[in-house]
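Enquirer: The following block contains the structure, expressed as structure tokens.
The values are calculated or read from the model by the stated rules, or taken from the named source; none is laboratory data. Everything numeric here is computed off the predicted structure, so don't read it as measured data. Methodologically, a virtual Cβ is constructed for each residue, glycine included, from the backbone with ideal geometry; neighbour enumeration extends over all protein chains shown. Quick note on the areas: whole protein, heavy atoms, side chains included, nothing else; ligands and nucleic acids left out. Shrake-Rupley method; radii C 1.70, N 1.55, O 1.52, S 1.80 Å.
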Amino acid sequence: MNAWDAHAAQRLADGPLRPLEPPARMEWTQRPGIGPGAEILGEDLAGRRVVELGCGPGHNAAHLASLGARVTGVDRSKGQVQRACAHYGHHGTEFIHSRALGYLTRERERLDVIVSVFGAVGLTEPSRLLGACSRRLGRKGVLAFSVPHPQRTGTIPASPRTRERMTLPDGTAATVDRWDIDPAAWVRAVNRAGLLITDAHNLFAPADARCPTTLLITARKP
Ligand SMILES: C[S@@+](CC[C@H](N)C(=O)[O-])C[C@H]1O[C@@H](n2cnc3c(N)ncnc32)[C@H](O)[C@@H]1O
């Protein structure tokens, strides 16, 4: 069982899932209230076709749907999709159990916005996934993704592919493979996929201004 399936299974075992109201804000980091919100995706998302890659329990997908966007959350973990459907399915957000790359290559509909928040971007080989995102975006479509900042421990990892330790809800450990590449390498990978970088934010946790915790990149299809 991979780490996200194990994470979801433990959350599901906690008890029945409740329908939730969508959060009031888009969160690009793992703590609330840091950095920009959904405004970086464009002024008016009403009617826009949006996909979140690696949506987990669906909080950000539900927020984007609450702004009027037509949202699909995609996650490779069946348990995470089960959680997302139970929490936000009643709000009209669609959740699909699939790997991000498979979903992007299978479907044909043009997308206005693709987002990933500590999701599939960074957890999948970047060139193939960014290329697939670029092919699915329509003209002036937006890609925005956040990843753990490669300098979060003070130094950039020597190898672009790292094995990260993750603590599950019950306190046990699991591992996740991550592409932990420096900001300039992300910019090159995004450009190679045929997208133009529009911004790159280094986001810091308020309690510690020494190292950035999150790298948030936005790009646009020409
Ligand atoms: C840290 S969680 C983030 C969840 C959510 N974006 C959030 O901010 O709450 C990462 C999620 O990405 C999903 N994931 C990882 N690799 C994926 C892939 N290749 N395709 C789709 N989902 C993926 C995992 O199953 C997990 O639910």
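Enquirer: Highest first, please rank the peptides 162-171, 59-68 by the mean number of other Cβ atoms sitting within 10 Å of their residues.
Expert: Top to bottom by mean Cβ count within 10 Å: 59-68, 162-171.
Enquirer: What list of ³J(HN,Hα) values in whole Hz, one per residue of the range 81-86 in order, does the Karplus curve 6.51 cos²θ - 1.76 cosθ + 1.60 (θ = phi - 60°) give from phi, with Gly and Pro shown as x?
Expert: Karplus-based 3J(HN,Hα) across the range 81-86 equals 5, 4, 5, 4, 5, 5 Hz.
Enquirer: Amide H to amide H, which residues 5 or more places from Gly73 or on other chains are under 5 Å from it, using H placed in the peptide plane?
Expert: Residues meeting the amide H criterion: Glu52, Glu94, Phe95, Ile96.
Enquirer: Averaged over all directions, how much area does the convex hull of the C-alpha atoms of the range 1-44 cover when projected, in nm²?
Expert: 5.0
Enquirer: Can you list the trypsin sites (Lys or Arg not before Pro) in the range 91-124 that are in a DSSP coil and have 14 or fewer other beta carbons within 10 angstrom?
Expert: Loop-located and lightly packed - Arg108, Arg110.
Enquirer: Starting from the Cα gyration tensor of the range 172-222, take the square roots of the eigenvalues, sort them a ≥ b ≥ c, and report rounded, prolate or oblate (rounded when a/c is under 1.5, otherwise prolate if a/b is larger than b/c, else oblate).
Expert: The shape class here is oblate.
Enquirer: At a 1.4 Å probe radius, carbon and sulfur cover how many percent of the accessible area of the range 1-121?
Expert: Heavy-atom surface of the range 1-121 belonging to carbon and sulfur, 1.4 Å probe: 49 percent.
Enquirer: As a test, work out the antiparallel percent of DSSP beta bridges whose residues both lie in the chain, rounded to the nearest 5.
Expert: 55
Enquirer: Distance in nm between label sites at Ala185 and Ala200, each 7 Å beyond Cα in the beta-carbon direction?
Expert: Taking the simple label geometry, Ala185 and Ala200 are separated by 1.2 nm.
Enquirer: Where does each of Lys78, Lys221, Lys140 land when they are ordered by accessible area, with a 1.4 Å probe and the largest first?
Expert: Lys78, Lys140, Lys221
Enquirer: For a quick size check, give me the Cα extents of the chain along its three principal axes, largest first, whole Å.
Expert: For the chain, the Cα spread along each principal axis is 44, 41, 34 Å.
Enquirer: Mind listing the long-range amide H neighbours of Leu111? Cut-off is under 5 Å, sequence gap 5 or more, other chains count too, H placed in the peptide plane at 1.01 Å from N.
Expert: Result for Leu111 returns Leu137, Gly138.
Enquirer: Using a 1.4 Å probe over the heavy atoms of the protein chains, calculate the carbon and sulfur portion of the accessible area of the range 162-204 as a whole percent.
Expert: 50
Enquirer: For the chain, with every protein chain kept in place, what is the accessible area per residue (1.4 Å probe, Å²)?
Expert: Accessible area per residue: 48 Å².
Enquirer: So what is the relative contact order for the chain, in percent, with contacts set as C-alpha pairs under 8 Å and at least six apart?
Expert: For the chain, the relative contact order is 20 percent.
Enquirer: Here's something else I'd like to know. Quick check: the distance between the Cα centres of the range 13-29 and the range 164-215, to the nearest angstrom?
Expert: 22
Enquirer: A follow-up question, please. Could you compute how fast the range 138-190 diffuses translationally, taking Rh as the Kirkwood radius over C-alpha pairs and applying Stokes-Einstein at 4 °C with viscosity 1.567 mPa s? Give it in µm² per second.
Expert: 98
Enquirer: Heavy atoms only, 1.4 Å probe, whole protein assembly: order Cys85, Cys211 by accessible area, highest first.
Expert: Cys85, Cys211
Enquirer: On to the next question. Largest first, how would Ile34, Ile40 line up by accessible area (1.4 Å probe)?
Expert: Ile40, Ile34
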